[in-house]
Amino acid sequence: MKILLLGAPSAGKGTYASRLKEIYNLPHISAGDLLRDAIKEKNEFGLQAKELMDHGKLVPNEIILKLLKKRLEKKDTQKGFLLDGFPRTSEQAKMMQEISELDKVLNFDLDKQVIIDRCAGRIICKDCGEIFHLKKIIPKVAGICDKCQGELYQRDDDKPEILEKRLNLYHKQTAPLIQFYKDKGILEVIPADVDIRDPNCRIIEDCCEVLDKLKE
Ligand code: AMP
């Protein structure tokens with residue numbers, strides 16, 4: 001099952017992927033995380049990527065392609081994967097076709113104001129990646145992860161002026177992929193305005209309805 005999670009920054013792709021990976025026993029591969037890992041390792045790719053990421057710009061295709069191909073060589077991807085953050089442009093979508101044929105694309109659809117509010121308060125654990133929010137998902141101890149006691153931080157690129165750039169880039173370069181995958185007949189739209197902690201939230205159920213059909 002080769003699944004792409006598509007959606008604007010802060011659509012919740014990482015959160016949904018972490019639930020879906022437990023349900024379907026598939027690895028979650030996030031292009032942004034691959035780059036952030038390279039930055040942590042301070043390798044040549046990381047050093048080049050950091051400057052661009054901090055300014056809300058896309059990193060060159062060859063960097064993200066090298067990291068992604070290396071990740072897809074690992075054994076745990078044999079049964080498939082939940083991919084997010086790549087492809088992000090029409091050019092990358094064509095490259096993706098050469099690497100692997102996707103079975104389904106889940107497009108998480110949400111209002112621009114919801115995105116801005118989410119990013120403005122998003123804080124993330126440096127160690128386990130758990131996501132909190134300064135006003136809505138408040139950690140028990142300020143600045144500390146409830147799950148693993150790691151330190152919480154705000155992504156540099158979630159700051160308002162950078163976020164605006166990322167959203168513009170998304171609408172210009174990534175949103176056209178919705179039509180690309182619709183034309184291929186593999187796109188499913190998942191309404192994603194509701195917070196995942198809301199008891200009425202059906203995002204994971206909606207995803208499962210789509211993905212279960214692939215198993216049949
Ligand atoms: P994300 O965690 O998906 O929001 O990605 C964070 C940042 O990593 C983006 O704003 C880009 O700078 C960079 N990035 C992630 N995926 C890609 C990609 N497919 N191509 C180029 N840059 C990327």
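Please treat every number below as a calculation from the coordinates, not as lab data. If you're wondering where the values come from, they're calculated on a predicted model, not measured in any experiment. Heads up, the Cβs are rebuilt from the backbone with ideal geometry, glycines too, and the neighbour counts pull from every protein chain shown.
Can you give the charge dipole size of region 1-138 about its Cα centre, rounded to the nearest 20 debye, using +1 on the beta carbon of Lys and Arg and -1 on the beta carbon of Asp and Glu? If you can, show how the numbers build up before the last one.
On the way: 25 positive and 20 negative charges, 44 e Å.
Result for region 1-138 is approximately 220 debye, rounded to the nearest 20.
How far apart, in nm, are the 7 Å Cα→Cβ label points at LYS70 and ILE178?
It is 3.4 nm.
So what is the calculated 222 nm ellipticity per residue for the chain, using -39500 (n - 2.57) for each DSSP H run with n of 4 or more, over all residues, to the nearest 500 deg cm²/dmol?
Values: 9 runs with 98 residues, N = 216.
Mean residue ellipticity, 222 nm, calculated: -13500 deg cm²/dmol.
Suppose R0 equals 30 Å; then what is the FRET efficiency for HIS55 and ARG202 from their Cβ-Cβ distance, rounded to the nearest 0.05?
0.25
Place +1 on the Cβ of every Lys and Arg and -1 on the Cβ of every Asp and Glu in region 69-216, take the dipole about the Cα centre, and give the residue among GLN179, ILE162, VAL114 whose Cα lies farthest towards its positive end.
Of the candidates, ILE162 comes out farthest on the positive side.
Would you pull out the residues with amide H under 5 Å of PHE81's amide H, same chain only if 5 or more places away, H placed 1.01 Å from N?
LYS2, ILE3
So what is the relative contact order of region 27-139, in percent, for Cα pairs below 8 Å that sit 6 or more residues apart? Don't jump to the answer; show the numbers that get you there.
On the way: 74 pairs, mean separation 25.3, N = 113.
Relative contact order here is 22 percent.
Taking H as built 1.01 Å from N, whose amide H comes closer than 5 Å to the amide H of ILE137, not counting residues under 5 places away?
Excluding prolines and chain starts, which carry no amide H, there are no hits.
Quick one: pull the percentage of alpha-carbon pairs in the chain with a separation above 28 Å.
On the way: 5988 of 23220 pairs.
So the portion of pairs separated by more than 28 Å is 26 percent.
To the nearest 20 debye, what charge dipole does region 82-166 have about its Cα centre, counting +1 at the Cβ of each Lys and Arg and -1 at the Cβ of each Asp and Glu?
On the way: 15 positive and 17 negative charges, 71 e Å.
Computed about the Cα centre, the dipole is about 340 debye.
Which value results when the Cα radius of gyration for region 146-194 is divided by 2.2 N^0.38 Å? All intermediate terms of the calculation are to be shown ahead of the outcome.
On the way: Rg = 16.1 Å, N = 49, 2.2 N^0.38 = 9.7 Å.
For region 146-194, the normalised Cα radius of gyration comes out at 1.67.
Alpha carbon centre of region 105-161 versus region 12-89: separation in Å?
18
Run a plain Debye calculation on region 1-123 (Cα atoms as equal point scatterers, no solvent) and give log10 I(q)/I(0) at q = 0.16, 0.17, 0.18, 0.22 Å⁻¹, rounded to two decimals, same order as the q list.
Each listed q maps to, in turn, -0.84, -0.95, -1.06, -1.47.
What is the ratio of the Cα radius of gyration of region 85-184 to 2.2 N^0.38 Å, where N is its residue count, to two decimals?
Working: Rg = 16.6 Å, N = 100, 2.2 N^0.38 = 12.7 Å.
Output field value: 1.31.
Between VAL141 and GLN113, how high is the FRET efficiency from 1/(1 + (r/R0)^6) when r is the Cβ-Cβ distance and R₀ = 35 Å? Nearest 0.05. It would help to have the intermediate numbers written out before the result.
Working: r = 30 Å, r/R0 = 0.85.
That gives a FRET efficiency of 0.75.
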